[in-house]
Amino acid sequence: MARNHNGERGMMMRGIIQSVSWLSGKLRRFSGTGLPGQTIRNREIVQHWGCSTNPPEGCHCIMLKSGNSIVSIAEDFPGSGPELNALGGAACLWSDADHYVLVKQDGSIVVKTDQSVTVESEDIRLGSGVELLIKKMVTQEFLTAYNAHIHPDPVSGFSGVPTVLLVGPAAEAVITQKTRSA
């Protein structure tokens, strides 16, 4: 066992989180149970740099105790998140609602959610496979509909058809330009 600055022995123990409160924006405190019969109140949660979570009630935690100081340093909710046993070398971020971002050892990324995915960036670059996918998605029916569409204009009524029609090499150039700049 390590000793603190007063020479007291520290110990590591398991606990169950009962509640989490947020103080001054980013500082989190938890209350829960530790050793049999031990109640823990208003103690700090410390997480890895760049990681900030709000552990739900019933979450298991690992605590460090030194004197009267108790700090939760790791939290886990048994049975939550995707099964990683067969995915050696994988890393995963997940929520208690079973939504997750999984980075597999081979570099592929899986996002599971029943909501939309928002990327906030001024410059989004997509790999070369996207150009091929878009070319497969842009069918002749799509090109015909695009070339015939018009926009309402409050002054003149309608704007007319697009000034650049997507046909033949022009369609290919626009699709390639859009996918490369995106």
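Numerical summary
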item	result
Contact order relative to length of segment 10-76, as percent, for alpha carbon pairs under 8 angstrom and 6 or more apart	37 percent
For q = 0.10, 0.13, 0.21 Å⁻¹, Debye-computed log10 I/I(0) when each Cα of segment 21-128 counts as one equal scatterer	-0.42, -0.67, -1.23
Pair residue 13, residue 112: separation of 7 Å Cα→Cβ label points (nm)	3.5 nm
Overall dimensions of segment 79-118 by Cα: Rg and Dmax, Å	10.3, 29
For peptides 36-48, 70-82, sequence by mean Cβ density within 10 Å, most packed first	70-82, 36-48
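Just so you know, all these numbers are worked out from the coordinates, no wet-lab data involved. Source: prediction; values computed, not measured. Virtual Cβ from ideal backbone geometry, glycine too; neighbours counted across all protein chains shown.
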